[in-house]
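The structure under discussion appears below in the form of structure tokens.
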Amino acid sequence: MPATTIDTFFACSLLVVLVVSAMAVMPKIMYPFMDGLAHKNDDERLQQFAQYILLNTGTPSDWGKNRTTLPSTFGLAADDALAYSLDVDKVSRLNSRNCYAIDYAELLDALKVSNIALKISIQPVFNTSITLLSSINNGNQTSYDFGISTTNSGLAVASDLSSYFVVGDCVRNTVISTGSNGQGTVSFTVQNSVNGSALLIVFAKAKANPRVVSFGVYSFGHNVSTPEPNQTFTALSPLNRVLNASLNSADTIVSNAYAFSFGYWANLTQLSNATQTIEYSFPNFLDQSATILALTGFNGTKSFAEWTAYPQVPLNIGVNFDSSSLKGNVASFTYIVTINAAMYELQMKCKEVG
Amino acid sequence: MRRNNRGQIRVMEAFLSAFLIFSALAISMALSPPAVEGNDRALAAQGMQALVQLDSDGKLGEMIHTENWTALTDALRLLLPVGAAYNLTVYDGNMQQITNSPISNCDLVGDVVSVEYLCAVQSVQFEVYTLRLQLAVVR
């Protein structure tokens with residue numbers, strides 16, 4: 001066989017091997033690039049989707065106020081034409097503890113999307129934490145010292161604090177400021193002639209911006225044992241300035257009902273009292289603050305003090321993106337939104353599925 | 001001799017082809033997927049939204065008008081994410097910088113996104129300021 005034939009055969013074989021191996025390798029190398037191009041606009045599209053929810057009222061535009069109405073199109077914006085201003089009732093109806101809440105399936109139905117998984121979380125911009133520093137019983141009265149800490153992701157937030165001490169029909173209020181380290185101490189002295197489950201409700205307004213408001217509630221027993229967890233005896237659902245208190249047993253008796261904001265507090269007016277359900281109207285306080293609604297009463301011989309917030313935050317609605325099947329490629333958007341003139345942080349996570 | 005050369009040239013052709021194919025592969029590998037711009041876009045949106053919220057009750061214009069840069073720094077620090085570095089520059093209607101001290105929390109390093117916001121002040125004299133907010137993720 002001549003040498004040229006062997007060379008030509010060798011050259012042709014080399015070319016064939018090269019072409020075949022290139023065909024095998026090229027798709028694997030090119031896939032990330034092509035995939036990147038295919039999903040290039042996903043983030044922007046999901047961001048527009050998130051903004052649509054925050055900037056549109058939905059249909060009907062007052063779907064939040066009417067407890068039986070389900071939205072035909074979904075949107076959280078308030079009807080006041082301000083950007084990123086959310087309706088307090090629409091937000092409250094996202095909280096699963098509210099008996100008028102819409103569920104995730106109804107939310108997706110109203111959004112008219114089937115290929116996007118979604119999670120919405122709303123919470124105060126910064127955190128207010130309360131610790132009981134000391135309680136000293138002086139015979140006919142008890143003195144309490146509470147430490148208040150206001151932080152944003154671990155960083156101190158200097159703020160003004162308005163604190164309410166609630167036990168039975170006794171309400172005390174004090175206003176102080178934290179230092180630049182976000183720490184403050186609140187003291188109350190209460191007669192021992194009243195006893196029962198008690199609440200310390202603290203509203204905090206950031207000094208840097210009074211519209212940035214947070215709150216914290218500390219539950220404890222005043223001359224009684226530690227109370228049960230919140231909403232053990234009642235289920236509280238605020239909507240459209242009406243608080244629905246669903247009593248969990250026939251033995252539950254509500255003695256007092258209150259509404260608190262940073263600057264004001266009021267007793268609630270009872271609207272109706274059906275079997276194990278009481279409705280109260282509560283006022284629209286004019287200050288830039290959340291409203292805390294609190295009930296005190298008895299279940300048999302055991303006292304309780306239970307509460308909820310209006311808007312009913314913090315809340316989470318949607319899928320759990322930490323589960324293994326939904327991990328990865330989750331777009332996350334954080335917004336500062338206004339609800340009843342106070343600012344909150346809203347986080348929306350979205351992912352294309354299917 | 002000429003016959004022998006013909007075979008050698010074919011081998012050279014094959015090697016040249018191999019070189020071409022491997023070059024094509026190397027170039028295609030260098031074409032990495034498009035850079036993920038989602039985080040930058042989200043950060044820019046958060047910056048813009050913080051300015052919109054500060055301006056929604058006229059507070060932003062008031063702080064600029066009174067040159068209360070400390071309050072503006074504190075307000076931005078509260079509304080922007082903790083992991084974001086920012087630098088705000090304020091210009092007047094003639095695009096002259098009026099911030100005499102830096103409004104920032106730390107040096108901007110890495111990918112920097114910039115948003116511009118036009119702020120009108122509620123006062124007797126109509127004044128408009130241009131705000132340029134630069135943001136970067138602290139790494």
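The values are calculated or read from the model by the stated rules, or taken from the named source; none is laboratory data. Keep in mind it's a predicted model, so treat the numbers as computed, not measured. Cβ placement follows ideal geometry from the backbone for every residue including glycine, while neighbour counts extend to all protein chains displayed.
Highlighted here are the strands (runs of 3 or more DSSP E) found entirely within the range A:253-329 that include at least 2 residues which are in contact (Cβ under 8 Å) with a residue 40 or more places away in the chain: A:291-299, A:302-310, A:315-318.
Taking (1) within 14 Å of chain B (Cβ to nearest Cβ); (2) under 26 Å from A:F333 (Cα atoms); (3) free of Cβ contacts under 8 Å to residues at least 40 places away in the same chain in turn, A:D43 satisfies each apart from (3). From the residues in the range A:338-354 that are assigned to a loop (DSSP other than H, G, I, E, B) and within 19 Å of B:G58 (Cβ to Cβ), which one is farthest from the chain's Cα centre (by Cα)? Top of the filtered list is A:A341. A:L37 satisfies every condition listed in (1) touching a residue at least 12 places away in the same chain (Cβ under 8 Å); (2) of a type in the set (A, V, I, L, M, F, W, C); (3) surrounded by fewer than 16 Cβ atoms within 10 Å (Cβ to Cβ) except (1). Of the residues A:V91, A:V113, only one is more than 14 Å from chain B (Cβ to nearest Cβ), surrounded by 13 or more Cβ atoms within 10 Å (Cβ to Cβ) and closer than 19 Å to A:A331 by Cα; which? Being more than 14 Å from chain B (Cβ to nearest Cβ), surrounded by 13 or more Cβ atoms within 10 Å (Cβ to Cβ) and closer than 19 Å to A:A331 by Cα holds for just one of A:V91, A:V113, which is A:V113. The listed residues are A:T142, A:T150, and the only one of them that is within 14 Å of chain B (Cβ to nearest Cβ) and either more than 26 Å from the chain's Cα centre (by Cα) or in a strand (DSSP E or B) (or both) turns out to be A:T150.
Here are some residues: A:A204, A:A250. Which one is out of contact with any Gly (no Cβ under 6 Å at 6 or more places or on another chain) and at pLDDT below 95? Only one candidate passes the filter, namely A:A250. Restricted to the range B:49-85, and to residues there that are of a type in the set (S, T, N, Q) and farther than 15 Å from B:S104 by Cβ, the residue that is surrounded by the most Cβ atoms within 10 Å (Cβ to Cβ) is B:Q53.
If you check B:L135 against the conditions, is it under 30 Å from A:K205 (Cβ atoms) and under 14 Å from the mean Cα position of the chain (by Cα)? Taking the combined requirement at face value, the residue satisfies it. Restricting attention to the range A:82-113, the residues that are over 20 Å from A:Q48 (Cβ atoms) and hydrophobic (A, V, I, L, M, F, W, C) total 7.
No other residue among A:T4, A:T8 is in a helix (DSSP H, G or I), within 8 Å of chain B (Cβ to nearest Cβ) and either at pLDDT below 75 or under 30 Å from A:T338 (Cβ atoms) (or both) apart from A:T4.
Just to be sure, is A:T57 surrounded by fewer than 14 Cβ atoms within 10 Å (Cβ to Cβ) and either within 23 Å of A:R241 (Cα to Cα) or modelled with pLDDT of 90 or more (or both)? No.
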